[in-house]
Each structure stands twice: as structure tokens, then as C-alpha cells.
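Contents: one structure, followed by commentary.
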Amino acid sequence: QRVEQLFGVLNAMMARDRECSQRQLYIRTYNVVPMTSRIGIIEWMSNTVTLKELLSEQAALTKQEDAFQNAQIQQRDFIKKYS
């Protein structure tokens, strides 16, 4: 929440700066509901995924890439052996 407040102050400063204003510079901010002094819940954003989903997808892609590389190695070794 404190970081979001800082971003709000920076946005106000950039809005007053002529160059930043002309370039429409700003920091995107989100609403945060504090749960404790160290933890909060950020507002739900459309078209986003959870960290768990992102990591799971990456792990699946890595497995596919490893399988593809292993198949390429086996094919290369087969060709070397029989040519």
C-alpha cells in the first residue's frame, strides 16, 4: 500500500511537469487492501494469471522443450549410427 501511495505522489509530480505531461507519462497504480502491516490484497485485474499458473505453464513448456531436444538427439544419433 505504501508503494502505491508513493506512485500516486510521483504521478502527481509528473502531471505537473510539462514534458512528462506532454508525453502522458504515469505509473499505473492499483487499489490495495491491507491485511497486515506487511501483506495486502491487490485489486483484481482483467487478463491476468496467478503466479502459480504462470510457473506451471513455464514448467510444462520446459518439459516439452526437453522432450523435443531429446527426440532430436536420438534422431541425430540414429542417423549417425546407420549412415
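Derivation of every value follows stated rules applied to the coordinates shown; laboratory data play no part. From a predicted model like this one, the values you see are computed outputs, not experimental measurements. Positions of Cβ are generated from backbone atoms using ideal geometry, with glycine treated the same way; all protein chains shown enter the neighbour counts.
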*Stretch GLN75-LEU6 to full length: gain in nm at 0.36 nm per residue minus the Cα-Cα span?*
19.2 nm
*Once phi is turned into θ = phi - 60°, what whole-Hz ³J(HN,Hα) does the Karplus curve with 6.51, -1.76 and 1.60 give for every residue of the stretch 25-39, x standing for Gly and Pro?*
7, 6, 9, 6, 10, 9, 7, 10, 9, x, 9, 9, 5, 10, 10
_Can you return the aspartates and glutamates within cross-link range of LYS52? Criterion is Cα-Cα under 18 Å, with same-chain partners fewer than 8 residues away left out._
GLU43
_Restricting to Cα pairs below 8 Å that are 6+ residues apart, what does the relative contact order work out to for the chain? Please round to a whole percent._
19 percent
_C-alpha long axis of helix 2-16 to longest principal axis of the chain, angle in °_ = 70 degrees
*Using just the helices of the chain, give the 222 nm mean residue ellipticity in deg cm²/dmol: DSSP H runs with n ≥ 4 each add -39,500 (n - 2.57), and the total is spread over all residues, rounded to 500.*
-21000 deg cm²/dmol
*asked:* What do you get for the angle between helix 51-82 and the principal long axis of the chain? Use alpha-carbon atoms, 0 to 90 degrees, nearest ten.
replied: 20 degrees
*asked:* Please list, ordered by chain and number, the residues whose modelled amide H lies under 5 Å from the amide H of GLY40; skip anything fewer than 5 residues away on the same chain.
replied: MET35
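Estimate the FRET efficiency between ASN47 and SER21 by the formula 1/(1 + (r/R0)^6), using the beta-carbon distance for r and 25 Å for R0, to the nearest 0.05.
Working: r = 28 Å, r/R0 = 1.12.
Taking R0 as 25 Å, the efficiency between ASN47 and SER21 is 0.35.
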